[in-house]
Amino acid sequence: MAVLLLALLPIPPKLSKSSKADQCQRKIKADTLQDVFELIFTPLQGVAHSGVPIDCADRKVRLCFPILSAWIADHMENVVLHGLKCNACPKCEVPTYELGTNAKNYRTRDYARYQSYKPEIQNAGLESDDDHVMCDNLGIGQNIFHRLDRVSASDFYKPDMLHTIYLGLFNHMMDKIEGFLKKHGQLQVFDDVWKALPPSPGFLVPKKAYREVTQWQGKEMRNLGRCILGVLAVALRQPVGAQAIPFKRALACVRALVDFNMMAQYRSHTPDTIAYMEDYLDQFHRMKDIFLKFRVIKRTQAKVDKQRKEIRRQRALIRERVAPSQRRRIRDDDRDEENELRMDMIHGETHFNFIKMHLLSHFCDHIGQFGNIPMYSTEIGELAHKTQIKDGWRQSNKNDAARQIVPSYGRQHAIRMRLLNLESLQARGADLSADVLQHLDRTTSTVSQPVIRRRIQKGRREDVSNVVDFSRISGVSLEIIYCELIQYSRHNLPAGHRLPEDHAILRSLPVELLTQLEIPVLAFQEADVYEIHRAQSTGAPHPKN
């Protein structure tokens with residue numbers, strides 16, 4: 001893995017927001033983080049201007065200028081490093097109340113300008129509405145990248161499909177879909193379809209109903225994205241009366257988000273594919289209001305409950321002065337009015353203005369400027385966390401483990417690089433000492449051998465050992481099998497390796513009956529990733545795939 005561990009950042013415990021002491025402690029944490037990154041970035045400052053000689057693969061030495069170009073992290077890590085609040089975009093100056101829109105005409109963040117504004121925030125008023133929006137999103141601490149030369153801090157942010165789509169929007173979407181299905185009485189149907197999904201190449205069949213799964217991780221959410229549209233379409237296939245339009249809009253919304261996610265996974269793009277992504281995103285924003293009533297936060301629900309209690313108290317006072325014969329009609333009218341007021345408040349207080357909804361608008365611009373999105377996936381960091389942090393912790397003596405974890409993987413990486421150099425010199429016939437050659441012979445090669453992809457037969461039946469058993473299981477007569485074997489032997493095998501034509505010998509030949517064939521197929525837009533398709537013989541005229 002081409003990821004080197006440079007440092008372990010100090011992560012103090014989380015504090016409450018109740019006192020000035022906590023705010024002071026947060027400021028200390030931000031300053032500490034700033035100092036740590038200045039220590040890490042100091043070697044990059046000199047080489048960004050003067051360059052550094054680097055040996056290239058063609059044996060030439062070139063003067064190179066290593067410049068930091070990307071920072072792969074999830075959103076919460078990005079806002080800490082950029083000195084922003086958690087609901088602020090690290091790329092542009094979008095106001096909080098417009099995060100749920102698909103508008104893209106917001107000014108790019110200028111972090112160098114923010115440093116000059118920070119003292120003015122404490123001592124003077126703001127000059128314009130744009131300055132107010134800009135400074136309203138600033139958090140505690142400074143942007144750790146703003147002092148680096150020849151870099152643009154706003155370009156360091158890279159789209160993160162794992163946390164933005166899989167663990168973000170898909171998770172939000174499923175909460176709204178569950179409420180939608182519950183309202184229309186289709187939740188049990190959805191669970192039944194979910195459990196009945198058949199196996200398919202590259203798809204993990206769910207073992208539980210959707211509501212029985214308690215923890216969803218990136219792998220499960222990625223698997224959900226492959227089947228959610230089909231499952232939802234089956235659950236909503238029989239609308240009754242007024243359900244037709246809501247069902248259609250819900251399917252259109254989910255389809256647009258799933259299509260956008262599928263297109264974002266492409267390893268190469270054209271203007272047409274980028275235009276498709278923009279169209280899918282526009283359609284998703286047009287249709288997402290169908291789930292608005294199911295995004296009621298606790299604060300809004302508390303306001304609705306308070307309003308309902310007040311209305312009922314006032315109506316109760318009015319009904320006391322009304323004849324008993326008219327109370328039922330008045331009660332029905334009051335119920336309708338209460339529902340209308342409730343929906344008005346929900347639509348007024350509920351919104352989609354959360355940051356992960358807005359981050360989708362930067363995907364297409366990123367592709368045009370930096371290339372495909374999976375190249376910057378945070379999954380690389382998650383895998384490196386396991387091999388470098390967790391394995392290093394297990395190998396340490398747990399006493400001041402951080403000082404053991406950091407150099408541990410670096411030493412292993414240096415040894416592997418050294419072995420690669422020695423193997424390359426040995427292959428070119430260089431004069432190496434005897435002890436080095438002896439060590440290379442004992443050491444497993446660091447170059448992984450390519451995996452040979454071929455069809456593999458599996459599913460051996462234990463009740464077939466010879467031709468007679470095969471005839472009994474398959475239902476083919478022995479005379480036909482003898483005839484086919486002799487004909488194949490005469491036309492396809494060399495003279496010295498042909499089968500005997502004596503039926504008594506043929507009937508005792510060993511036979512293996514295999515019922516499954518694993519077929520490797522190249523994954524979409526991949527050069528070395530294969531999906532295994534399993535063809536299984538069921539005894540029917542057509543095999544089952």
Helices (runs of 4 or more DSSP H) wholly inside the stretch 213-298 containing at least 1 residues that are free of Cβ contacts under 8 Å to residues at least 24 places away in the same chain, among the β-branched types (Val, Ile, Thr) and surrounded by fewer than 19 Cβ atoms within 10 Å (Cβ to Cβ):
244-264, 271-287
Do we find that ARG147 is under 30 Å from ASP31 (Cβ atoms), surrounded by 14 or more Cβ atoms within 10 Å (Cβ to Cβ) and among the charged types (D, E, K, R) in this structure?
yes
Hey, among the residues in the stretch 386-403 that are out of contact with any Ser or Thr (no Cβ under 7 Å at 6 or more places or on another chain) and surrounded by 14 or more Cβ atoms within 10 Å (Cβ to Cβ), which one's modelled with the lowest pLDDT?
THR387
Would you check if there is a residue in the stretch 428-440 being under 41 Å from the mean Cα position of the chain (by Cα) and at pLDDT below 85?
yes
Pick from the stretch 105-125, criterion modelled with pLDDT of 80 or more and part of a loop (DSSP other than H, G, I, E, B), ranking: farthest from ILE144 (Cα to Cα):
ASN105
What single numbered condition from (1) out of contact with any Leu (no Cβ under 8 Å at 6 or more places or on another chain); (2) part of a helix (DSSP H, G or I); (3) at pLDDT 85 or above fails to hold for LEU419?
(1)
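For every residue, the table says whether it meets (1) surrounded by fewer than 13 Cβ atoms within 10 Å (Cβ to Cβ); (2) in the same structural domain as ASP528 (by TED's automatic domain parsing); (3) without any contact (Cβ under 8 Å) to a residue 40 or more places away in the chain.
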residue: HIS413; (1), (2), (3): no, no, no
residue: GLN426; (1), (2), (3): no, no, yes
residue: GLN438; (1), (2), (3): yes, no, yes
residue: ARG461; (1), (2), (3): no, yes, no
residue: SER465; (1), (2), (3): no, yes, no
residue: SER477; (1), (2), (3): yes, yes, yes
residue: ILE481; (1), (2), (3): no, yes, yes
residue: HIS491; (1), (2), (3): yes, yes, yes
residue: PRO494; (1), (2), (3): yes, yes, yes
Six or more apart or on different chains, Cβ under 9 Å: which pairs go from a residue in the stretch 350-364 that's under 13 Å from ASN261 (Cα atoms) to one that's assigned to a helix (DSSP H, G or I) and acidic (Asp, Glu)? Could you list them?
CYS364/GLU278
Consider the stretch 138-170. How many of its residues are among the β-branched types (Val, Ile, Thr) and within 16 Å of the chain's Cα centre (by Cα)?
2
Condition first: over 21 Å from the mean Cα position of the chain (by Cα), of a type outside the set (Gly, Ala, Ser) and either modelled with pLDDT of 80 or more or part of a strand (DSSP E or B) (or both). Now tell me which residues in the stretch 523-541 satisfy that.
ILE532, HIS533, ARG534, GLN536
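The values are calculated or read from the model by the stated rules, or taken from the named source; none is laboratory data. None of these values were measured; they are calculated from a predicted model. In this analysis, Cβ positions are derived from the backbone assuming ideal geometry, glycine residues included, and neighbour counts consider all displayed protein chains.
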